[in-house]
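The values are calculated or read from the model by the stated rules, or taken from the named source; none is laboratory data. On a predicted model such as this, the values are computed, not experimentally measured, just so you know. Using ideal geometry, Cβ is built from the backbone for each residue, glycine included, and neighbour counts are taken over all protein chains shown. Side chains are part of the model used for accessible areas, which takes the heavy atoms of the whole protein and leaves out ligands, DNA and RNA. Shrake-Rupley method; radii C 1.70, N 1.55, O 1.52, S 1.80 Å.
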Amino acid sequence: MTILPGPDCTTMTDVRAGVDALDRELVALLARRFAYMDAAARIKPGREAVRDEGRKRQVIDNARAAAVAMGVPEDVVAALWEQLVEASIGYELARFDATRG
């Protein structure tokens, strides 16, 4: 089956195929992001350095700005990134503890 861009979809089968393909891409991107959390857990000097509220705010603000630029709902993106960053912090803490804690 050919995956069509969203605006070219004419059936719900087309839409669902596109969403499923995109979801696989998103999971692959998340795997890449979490690999950076592995590196951060290895590089940071201490467990207390894992949570950085200033950096967290910067990441969410960057995502919000990107959402505005791309015309997608900025509040939805900011909420998703809040969850993503908190999950990343939890993951990084677990990796820090597993490797050095």
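Observations
- Residues in the chain average 70 Å² of solvent-accessible surface per residue, probe 1.4 Å, ligands and nucleic acids excluded.
- Folded to 0 to 90 degrees: helix 53-70 orientation relative to the chain principal axis, Cα: 10 degrees
- Probe 1.4 Å, all protein chains present, accessible-area order of THR11, THR2, largest first: THR2, THR11
- Charged-residue dipole, Cβ positions (Lys, Arg, Asp, Glu), the stretch 32-101 about Cα centre, Debye nearest 20: 360 debye
- Taking the centroid of alpha carbons for each part, the stretch 35-51 and the stretch 74-101 are 11 Å apart.
- Theoretical FRET efficiency, 1/(1+(r/R0)^6), r = Cβ-Cβ of ALA87 and GLU25, R0 22 Å, to 0.05: 0.75
- Entry for percent of Cα pairs over 19 Å apart (calculated from the structure that is shown) out of (i) 57; (ii) 36; (iii) 49: (i)
- Spin-label pair ALA94/MET70, simplified geometry with 7 Å Cα→Cβ offset, distance in nm: 2.6 nm
- When a 1.4 Å probe is rolled over the protein heavy atoms, the share of accessible surface on the chain that falls to carbon and sulfur comes to 61 percent.
- Linear extension gain, VAL59 paired with THR13, 0.36 nm per residue minus alpha-carbon span: 13.1 nm
- Here ARG42 and LEU80 are evaluated by their C-beta separation; at R0 = 30 Å the FRET efficiency comes out at 0.70.
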